Amino acid sequence: MQKKHLFAIVIAMICIGCLTPIVSAHNTCVPPVASWSQSVTSGESPLKVKFTSTSTGTDLNYRWSYRIRNVIPSERVWVKFSTSKNPSHTFKPGQYDINLTVSNGCGTNSLQRSNWIRTDFMPKASFTATPRTGTSPLVVQFRSTSVIPTTPGEIIHHMWKYRNATTDWKIFSEATNPKFTFYPGVYDIDLMETNDGGSDHKTKYNFIVVTSP
């Protein structure tokens, strides 16, 4: 009988030793940590972006959201666009914050990135002027007709320059719609527009023609 009891105890210890790691591994829950990469962060609209989750944790649930920034602050709201692990989304013109929230039985974790996606956010410079010809001194009214997407509070920088046969490029104003007086000569005009998304310039050659009185 003692040998039988000893044999049973040995078998039980072996079985417990085999099963315990299996049970522990099955019950292990790794807390989530949100992370991701994306295919692009800027470009012309419609801009298709592929997001890839690099989050860690077991049995994760995903919630992807964006928030458009180029509106007044009270209108900035989070919009869910996917619950997939690696989604794609097409963005219209604007500037976007992105948020990924991952969750499981151990908890929830989020990663938010501001100003992360920008599409058609660079300015496109253009301008007009009146009059373009006349006798000296000629007062010309310039008007910026540039397309400049902006975020509330963003500073826009305008730089107007001219040149002629005797003068290299020279800044004559940083106003939006300046007036400037020209004297006899033929002038090229350049306008550079700059916002947080970048810069663009437009040059018009032989644009202003001024003759002597």
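Bear in mind these aren't lab numbers, they're just calculated from the coordinates by the rules spelled out. Predicted model, so just to flag it, every value in this text is computed and none were measured. In this analysis, Cβ positions are derived from the backbone assuming ideal geometry, glycine residues included, and neighbour counts consider all displayed protein chains.
Listed values, structure above:
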| quantity | calculated |
| --- | --- |
| Paramagnetic reach from His201 (point 7 Å along Cα→Cβ, amide N under 16 Å) across the range 97-135 | 123-127 |
| Amide N of the range 84-116 lying under 18 Å from the label point, which is placed 7 angstrom from the Cα of Val147 along Cα→Cβ | 91-96 |
| For the range 131-213: rounded, prolate or oblate by the Cα gyration tensor [a/c cutoff 1.5] | prolate |
| Most to least packed among 166-176, 115-125 [average Cβ atoms within 10 Å] | 115-125, 166-176 |
| Karplus-derived 3J(HN,Hα), 6.51/-1.76/1.60, for each residue of the range 91-97, Hz, glycine and proline x | 9, 7, x, x, 10, 10, 8 |
| Inter-centroid distance (Cα atoms) of the range 35-105 relative to the range 175-213, Å | 41 |
| Backbone N within the range 84-113 under 16 Å of label point (7 Å from Glu75 Cα along the Cβ vector) | 92-97 |
| Partner aspartates and glutamates for Lys124 [C-alpha distance under 18 Å; skip if fewer than 8 residues away on the same chain] | Glu44, Glu154, Glu174, Asp190, Glu193, Asp196, Asp200 |
